[in-house]
Amino acid sequence: MARRIARRGRIDKRPARGNMRPMIPPRSLRLDDRDIAILAVLSREGRITKTDLAARVNLSPTPCWDRMRRLEQAGLIRGYRAQIDLGLLGPHVQVFVTVELDQHRSESFQRFEAVIARMDAVTGCWAIGGGFDYLMSVIAPDVAAFQGVMDALLDSGAGVRRYFSYIVTKPVKDQPALGAMLEHHRLEG
């Protein structure tokens with residue numbers, strides 16, 4: 001929401017503080033090979049220093065930093081996170097769950113999504129096409145704790161008709177598909 005504070009007879013239409021919406025509409029943002037290289041490096045190494053990043057993408061530090069800031073303002077870079085090795089924290093299970101809702105109305109989807117947003121054990125949730133409505137990722141200390149999460153979901157009034165769970169036995173690849181997306185953008189851009 002824009003601030004609407006009159007200053008010297010003018011309306012200030014800048015975004016309100018705390019509003020993290022993109023300043024640059026993503027569709028109008030043109031990415032060149034250096035922007036794509038910056039995104040690719042940051043997606044793999046979020047803690048890389050600005051100087052090292054600049055060297056990796058063949059830019060001097062200031063232009064590299066300016067590009068990073070532009071990509072952040074456009075909303076392409078949403079944050080920097082650590083990848084935690086959950087196995088070192090102790091035993092756990094990761095379970096993928098397909099969910100079918102009992103009703104397919106807008107308010108049913110909104111209710112389900114609001115419940116899921118409050119469940120810390122649900123680490124990811126995607127609306128999907130096909131035979132089910134959602135795919136969720138749940139991480140719990142053990143199978144009993146996972147079942148507790150699912151029981152809580154069923155008791156929450158979220159409108160779940162049925163679900164199927166798939167326990168991860170071994171991670172094979174756990175990495176965003178950024179490389180292929182960036183390459184596609186470079187070729188299409």
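Details
- The criterion of at least 1 residues that are farther than 30 Å from Ala40 by Cβ is met by the following strands (runs of 3 or more DSSP E) wholly inside segment 56-162: 93-101, 134-140.
- The residues in segment 125-180 that are touching a strand residue (DSSP E or B) at 6+ places or on another chain (Cβ under 8 Å), under 30 Å from Ala37 (Cβ atoms) and surrounded by 13 or more Cβ atoms within 10 Å (Cβ to Cβ) can be counted, and the count is 1.
Per-residue answers, yes or no, for (1) surrounded by 15 or more Cβ atoms within 10 Å (Cβ to Cβ); (2) within 24 Å of Arg30 (Cβ to Cβ); (3) not basic (Lys, Arg):
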| residue | (1), (2), (3) |
| --- | --- |
| Arg44 | no, yes, no |
| Lys50 | no, yes, no |
| Ala54 | yes, yes, yes |
| Val57 | yes, yes, yes |
| Ser60 | no, yes, yes |
| Arg67 | yes, yes, no |
| Ala74 | yes, yes, yes |
| Ile77 | yes, yes, yes |
| Arg81 | no, no, no |
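- Of residues in segment 18-73 being among the basic types (Lys, Arg), within 22 Å of the chain's Cα centre (by Cα) and under 22 Å from Gln175 (Cα atoms), the one modelled with the lowest pLDDT: Arg44
- Asp120 being among the acidic types (Asp, Glu), out of contact with any Cys (no Cβ under 6 Å at 6 or more places or on another chain) and in the same structural domain as Ala158 (by TED's automatic domain parsing): yes
- Pairs meeting the criteria (first residue in segment 38-65 and without any contact (Cβ under 8 Å) to a residue 24 or more places away in the chain, second residue small (Gly, Ala, Ser) and exposed (fewer than 15 other Cβ atoms within 10 Å of the Cβ), beta carbons under 8 Å, at least 6 apart or on different chains) are Ala54/Ser60.
- Flag for Asp102 being modelled with pLDDT of 95 or more and over 23 Å from Asp174 (Cα atoms): yes
The values are calculated or read from the model by the stated rules, or taken from the named source; none is laboratory data. Values in this document were obtained by computation on a predicted structure and should not be read as measured data. Reconstructed Cβ throughout: ideal geometry from the backbone, glycine too, with neighbour counts over all protein chains shown.
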